[in-house]
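Presented below is the structure to which this report refers.
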Amino acid sequence: GVILLDSVNMLPEAGKGTYRDEHAINSLLARTDWSTCANTFPSLVDSNTLEDIFPQGRTNVPDRKNLFDVLSNSKFDPNFWAQMSVTDCLRIDYKKFVVPGQSVVPSIGLSSVLLGMDNLLAKDNFTEELLAYVSSENVDLFGVLTLEFKDDRPQRELLIAGLKSEVVDSFANFLTKHHDAANLEVVERNVECFLTEAGKIDSTKFSIRVFCQGNSKGSRKQVAPIL
C-alpha cells in the first residue's frame, strides 16, 4: 500500500515509480498469504469496498487499481483536509532544508499539502496563520506545494513566502525566468482575491507569490534542490 501511494500506482504521468517499485509491488501481491487477513474487518472501509478490493474473494490477490483507489481516496479525502486549520495543513508534511555554504538564504521550509491551492488559500485566516507558521519555523524562504487530481491527472501549484519581500521576489524571478528552473514550467498567477486579510499585513514584511506548475512530476524531491 505504501509503495502504491508513493508511486501513484506507477502512473506514468506522475513520474515517481521505478523498476524496483514495480518489482516490489508485483512480488508482494504474489507472495503475500492473503488468507491470513480474510477474517479481519478494517474500520475505514465497508463490506462493499472490501468486495471491490478483493473481487475474487478475501483469500485471493486484491485488485491493484481498486486497492490504490481506496487508499488514495482516503489520503486525499476532502473532508479530512477541509476540517484542518491552515497551521495543521502546513505542519502535517513539512521539511526544513539547510542550504550549505555561504548562501544568502541559509534555510528553506517546504510543506506538501494534498489540497488544491484555491481551497487552501480560501481557508479562514490563511495569511495570518501562514505568517505565524513561517515565523515559528525561522526559515528564510517558505514554500507550499499543493497537489490535487483532476480527471485522474495530477495538478500541482507552488506558493513561496517570506519575511523579506526582496528574497521572495528574487526567487519568483528565478522560478519564472532562469533556465535551471525551466523544468518546473511555472507560471505566476494572481491570488489577491483569496488573500482577503492580507491588507492587514505589511507587504514589505511578509510577501506571498503563487505559481501554477506545468510539470506535474515536480514533487518536493525535485523542487527542493532547484530552490
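The values are calculated or read from the model by the stated rules, or taken from the named source; none is laboratory data. Everything numeric in this text was worked out from a predicted model, so none of it was measured. Here the Cβ is made from the backbone with ideal geometry for all residues, glycine too, and neighbour counts use every protein chain on show. Calculation scope for accessible area: heavy atoms of the full protein, side chains included, ligands and nucleic acids excluded. Shrake-Rupley method; radii C 1.70, N 1.55, O 1.52, S 1.80 Å.
Things worth noting here:
- Cut-off of 10 Å, at most 11 other beta carbons, DSSP loop: longest stretch of the chain lacking such GluC sites (Glu not before Pro): 14-191
- Helix 126-137 axis, angle to the chain major axis (alpha carbon atoms, nearest 10°): 90 degrees
- The H on the amide N of residue 107, modeled in the peptide plane, is under 5 Å from the matching H of 99, 140, 141, each at least 5 residues off or on a different chain.
- Principal-axis tilt of helix 165-177 within the chain, Cα atoms, nearest 10 degrees: 60 degrees
- When the helices of the chain are scored as -39500 (n - 2.57) per DSSP H run of n ≥ 4 and the total is divided over every residue, the value at 222 nm lands at -10500 deg cm²/dmol.
- Both radii are taken from the alpha-carbon atoms of segment 37-95; with Rh as the Kirkwood radius, Rg/Rh is 1.12.
- In this structure the amide hydrogen of residue 93, modeled in the peptide plane, comes within under 5 Å of the amide hydrogens of 112, none closer than 5 places in sequence on its chain.
- Beta bridges assigned by DSSP with both partners in the chain are antiparallel in approximately 80 percent of cases.
- Normalised per residue, the volume of the convex hull around the Cα set of the chain (Å³): 148 Å³
- Segment residue 51..residue 151, full-extension length gain: 33.6 nm, with 0.36 nm per residue of separation and the alpha-carbon distance subtracted.
- Rounded to 10°, Cα long-axis angle of helix 64-75 versus longest principal axis of the chain: 40 degrees
- Relative contact order [Cα under 8 Å, 6+ residues apart], the chain, whole percent: 16 percent
- Highest GNM mean-square fluctuation among 167, 104, 210, for the chain modelled with Cα contacts below 10 Å: 104.
- Per residue value of the accessible surface for the chain (all protein chains in place, 1.4 Å probe), Å²: 57 Å²
- Top of 74, 43, 216 by mean-square fluctuation, Gaussian network on the chain, Cα under 10 Å: 43
- Dipole moment magnitude, nearest 20 debye, the chain about Cα centre, only Lys, Arg, Asp, Glu C-beta charged: 580 debye
- Percentage of interatomic Cα-Cα distances in segment 24-156 larger than 26 Å: 46 percent
- For the chain, the fraction of 1.4 Å probe accessible surface lying on carbon and sulfur atoms is 50 percent.
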